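The values are calculated or read from the model by the stated rules, or taken from the named source; none is laboratory data. Just so you know, these numbers come straight off a predicted model, no measurement behind them. Neighbour counts are summed over all protein chains in view; Cβ atoms, including those assigned to glycine, are modelled from backbone coordinates with ideal geometry.
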Amino acid sequence: MRAVLFALIVMASGTHVSSPLLARGRGGRVTCIGGTVAAASSRPGGSVHTTDPQYFLFQAKGLAIRVPYAKINLLEYGQQVGRRYAMAILISPVLLLSKKRKHYLTVGYTDDEGHQQAIVFQVDKGDIRSVLVGLEVKTGLKVAYQDEEARKAGKG
């Protein structure tokens, strides 16, 4: 019974186990939720990659956005924290004690015409740290954190 309860709590918390080998090949899992780039306005899910030596890459079905690291001028990370009300109603009131965190990354850059652009991603919680570190290393910029909770989560 304890094992079943533990499994339900882990599933409800969104915790997952992933292989570092798999993570390296696919990049960070993201959903593009907004910004100034019209091609990404349909909220496509895909992945971001920081392994290319020159470009930050966002790939989704039928869409690829490449931004030179040298053109990136803003990295901002924040969180949205909410309670799991639906899960608590359906499974157990104990789940009201758990919180669901959504992780957001904003990447600002100048395009080829010199105009400021921005893309906002919701990043999978298992991938956020590696994406932040990769961007800091490749751009030479420090991530701006929206608040102290975001700083703790981003620095781990």
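Surrounded by fewer than 14 Cβ atoms within 10 Å (Cβ to Cβ), hydroxyl-bearing (Ser, Thr, Tyr) and at pLDDT below 95 - does that describe any residue in the range 51-71?
Looking through the range 51-71, at least one residue is surrounded by fewer than 14 Cβ atoms within 10 Å (Cβ to Cβ), hydroxyl-bearing (Ser, Thr, Tyr) and at pLDDT below 95.
If I filter the range 114-139 down to residues being part of a loop (DSSP other than H, G, I, E, B) and in contact (Cβ under 8 Å) with a residue 12 or more places away in the chain, which single residue comes out as surrounded by the fewest Cβ atoms within 10 Å (Cβ to Cβ)? Working first, answer last.
Quick first cut of the range 114-139, residues part of a loop (DSSP other than H, G, I, E, B) only: 114-115, 124-127.
Filter once more, so that each one left must be in contact (Cβ under 8 Å) with a residue 12 or more places away in the chain: 124-127.
Details: Asp124: 20, Lys125: 18, Gly126: 16, Asp127: 20.
Applying the filter and picking the extreme gives Gly126.
Hey, among Gln54, Gln59, Gln79, which residue is in contact (Cβ under 8 Å) with a residue 40 or more places away in the chain and among the polar types (S, T, N, Q)?
Gln79
Give me the pairs, please: first residue somewhere in the range 26-45 and assigned to a helix (DSSP H, G or I), second residue anywhere and of a type outside the set (Gly, Ala, Ser), beta-carbon distance under 8 Å, and either six or more positions apart or on two chains.
Ala39/Leu63; Ala39/Ile65; Ala40/Cys32; Ala40/Phe58; Ala40/Leu63; Ala40/Ile65; Ala40/Ile119
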